Each structure stands twice: as C-alpha cells, then as structure tokens.
Amino acid sequence: MSELDGQVDESPFSDFLGFELLLEEQDRELLSRVRAWMTREVEPVINDYWTRAEFPHELLGGMAELGIAGLAYDGPGCPGRGALVDGLVAMELARVDPSMGTFMGVHGGLAMGSIQLGGSDEQRERWLPAMARMELIGAFGLTEPETGSAISQGLATTATRDGDEWVLNGDKKWIGNATFADLIVVWARDTDDGQVKGFVVEKGTDGVELVKQEDKIALRVVQNAEIHLRDARVPEANRLQRAESFRTTADVLRVTRMGVAWQAAGCARGAFEHALRYTKQREQFGRPIAGFQMVQDLLVKMLANVTASTAMNARASQLQDAGQLRDEHASLCKAHATVRMREAVGWAREVLGGNGILLEHHVGRFVADAEAIYSYEGTREINTLIVGRAITGESAFV
Ligand SMILES: Cc1cc2nc3c(=O)[nH]c(=O)nc-3n(C[C@H](O)[C@H](O)[C@H](O)COP(=O)(O)OP(=O)(O)OC[C@H]3O[C@@H](n4cnc5c(N)ncnc54)[C@H](O)[C@@H]3O)c2cc1C
C-alpha cells in the first residue's frame, strides 16, 4: 500500500479495492469531475432519451468541457493522459449511462484512434484538435450487413482510385453516431491491391446515404445507422496515409476493445450501485431486504464481478501505457468483463423484484444495454478464439 497516495475508504463504495488510488492526483480530480457531471447532467434525463431513442445533443457542450475525448491519445490537441485514466473514465461514463459511454467510445476511441494510428502528421493536425474539442464528431464504419465477426476477411466495401480521388461503394451497418457525425472513418478494400484502407468521409459527401436503425432494445440513445455508399468520392487527402492494411484497423480495435472492457465493468458497477441503494430502502417482512442473506449473496457476487473486471482491466491498461498490450490481453479483458457484466446486471434486476423492469429505477436500462456491449467490438466467441490461439498456438478460427 505504501505507493498509494490516499486511503481505500476515500473511494466511492463500489471501488472496493481502491483502484482509483492508482491514479495521479490530477487524474483522480478529472475522474471526480466526470462523475459529478454524469450524475448531475445525464442521470436525471437519460431514461427519457432512452425511451424516445434520441441523442441528447444539448449535453455535448458540457461533455466537451470535461476534456475527455481521445483522453489516452497524445496526438495534436489530444489530452494524452494515458490508458488507465482513460479506462476509468470509460467506466465512469458507462456507470451512469452505457449509451453515453458508447458515444464517447466511438468518437474519442474508434474515430480519433483511427486518425491517431492511421493518419499522417498533417491529417492528425487537420482533424484531431477539433475532435478533441468535440467541435467535430466522429464515427467508425467497419461492420457490414453481411459481415460482422468475419470482417477482417470478408470486408466487401470497395475503394477504387480515380486520379486524386477514391470512389467508394458498399454498405455498412451498426455505425454509431453516424446519423449526425461530421466525419466517418470508412474502411474499404482497395480494388487494386486488395488491402483494407481507411477513408475519412465528411458530412455531406455525395453518394452517402445514412439510414437510422430503429427499434433497438439496447443502447437506444446511441444513434446507429446503415450507410449506403454509391460512387461516393473522397479525395486522396482523406485516405488515412499510414493505414495500409487491416493491421491498422486491428491496432485501433485492440485499444478500443479495452475501452469496451471498461464500459462493461462500468455497466455492471452502475447496476450494482443502484441495486445496493435499493436494497437498503426497500422493506419486506418488516426489515430492509439488504438484511436478507440471499440478497446479500447476490450483492456480494455483483461486487466481486465488478472488482475482478476492474482489476483485470487496470492491469491491461497499465500494460497499454507501457506499450505491451497484446491483442489477446484486450480480448481476455473484453470477454471476461462482458460475461461478468451480464451476470451482474441480471442479479441487480433480481434484487429489485418487479421494479427491476421499470426504467425509473435505472437497472432495467443497464440490463438491456448490456446485451449490446456483450456483442460489439468482438463477440465473446471471437475474443475467446483470439485468446485460445495465443495460449495454444493453434488457430481454431474457421
Ligand atoms: C449497438 C451496436 C453498436 C455498434 N457500433 C458499431 C460501430 O460503431 N462501428 C462498426 O463498425 N460496428 C459496430 N457494431 C457492430 C459490431 O461490432 C458487430 O455487431 C459485431 O462485430 C458482431 O458482428 P455481427 O453482429 O454481425 O454478428 P455475427 O458475426 O453474425 O455473429 C453471430 C454469432 O455467431 C458467432 N460467431 C461468428 N463467427 C464465429 C466463429 N468463427 N466461431 C464461433 N462463433 C462465431 C458470434 O460470436 C455470434 O454469437 C455495433 C454493434 C452494435 C450491436
């Protein structure tokens, strides 16, 4: 404990082992600001947006002031604060609302990450500062209607060079933020060399049709869209100059997959906290239900899941900061944290009884949102196969 600057009991009650104390003072202050803002501005209004499946655009100004977009990146205008605080902030966002956490994961993680890792110095200068200030909002277009898990092999959207321009054709599905994004990083296969390359498609580009996906049962605040590209032309200056193959896409996903592992821990943590509060207030048989052994059993199992995921994620984020994070590390964290999240939100709902399915008690929203987090950025099966290949030396991908 000697290296810890602070006391474990200074942390919020669900940070049971005091992971926040691993942060520098200024990063802990940032985390507190994010927590206060999410609790004050987002929690009171988010169920309403969730019901209407709308995005709270009026909150973006306040979110921008937190200075958390692209937190881990050290590109131009980016905060460059490191992976551990970035992960804890991702957990903090999802702890209040997984949709807002996903919005930031797409903008500050996937879209900014693609430019940070795949863009030239000039391209980073062109887009990253405005994205960090959230004056430009980004999206990330990889998945296609016919190809999700197998996208590294089956990506069918094409890019054909024509002079100083590229002509894009194909369809994308599930692209978060796309309905209102100022720029979408679209991944397409070069018809000349067969490699997957990244293109920054700016708002208003001719030949780009965006269709909002309706009637989702999870992350309803996130605006997902299908994108139809029909002879959409983008200049060579918008092709990410250092993204020569799917390897760059995979480099982005390795980092953002850690972000999703943190979101999963946050989703579980939010549900646990609501459940704990509820069990102290709700009385049955003349006493708070928190006093029943079987209720305590579920509460402690939830806390154990949150704590185990946080521990695993924290270590992996430290490895990321040290430049040692491997694909299989991020995959193990994502697969583990999402399985533990799904258990925890179910137990949280259970201790709320019937109220667990009412939005007003929040836990129902976490239960629904967990289903999307479970599947995106690599399903449990795909992440398991990545870890399995690493530990056995045998690829079981078919
Ligand atoms: C809310 C939401 C937001 C998203 N946002 C984005 C975004 O912003 N940008 C983007 O590009 N994508 C986004 N996605 C897409 C997401 O990454 C995909 O949904 C995910 O990769 C899984 O692909 P799929 O849904 O097509 O499922 P499929 O690939 O069709 O998989 C279906 C099932 O088959 C299993 N399976 C597939 N292959 C194997 C195998 N080899 N062995 C064993 N099992 C296998 C899967 O694990 C899964 O259980 C989003 C998805 C959701 C739900």
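Structural remarks
Residues checked against (1) more than 15 Å from the ligand (Cβ to nearest atom); (2) surrounded by 15 or more Cβ atoms within 10 Å (Cβ to Cβ):
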{"site": "Arg349", "(1), (2)": "yes, yes"}
{"site": "Gly353", "(1), (2)": "yes, no"}
{"site": "His362", "(1), (2)": "yes, yes"}
{"site": "Phe366", "(1), (2)": "no, yes"}
{"site": "Ala372", "(1), (2)": "no, yes"}
{"site": "Glu381", "(1), (2)": "no, no"}
{"site": "Ile386", "(1), (2)": "no, yes"}
{"site": "Ala390", "(1), (2)": "yes, yes"}
{"site": "Ala396", "(1), (2)": "no, no"}
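- Hits in region 168-204 - residues which are part of a strand (DSSP E or B), under 20 Å from the mean Cα position of the chain (by Cα) and on the phi > 0 side of the Ramachandran plot: Trp174
- Filter result (more than 7 Å from the ligand (Cβ to nearest atom) and within 20 Å of Leu66 (Cβ to Cβ)) within region 128-176: Leu128, Pro129, Ala130, Met131, Ala132, Arg133, Met134, Glu135, Leu136, Ile137, Gly138
- Residue list for region 141-150, filter: surrounded by fewer than 18 Cβ atoms within 10 Å (Cβ to Cβ) and not polar (S, T, N, Q): Pro145, Glu146, Gly148, Ala150
- Contact annotation: residue pairs with Cβ atoms under 6 Å, 6 or more positions apart or on different chains, pairing a residue in region 158-184 that is touching a residue at least 24 places away in the same chain (Cβ under 8 Å) with a partner that is more than 10 Å from the ligand (Cβ to nearest atom) and of a type in the set (Asp, Glu), are Ala159/Asp190; Asp164/Glu236; Val167/Asp231; Lys173/Glu226; Leu183/Glu202.
The numbers here are math on the coordinates, done by the rules we state, and not lab data. Note that the structure is predicted; figures quoted are calculated from it, not measured. No Cβ is skipped: glycine too gets one built from the backbone with ideal geometry, and neighbour counts run over all protein chains shown.
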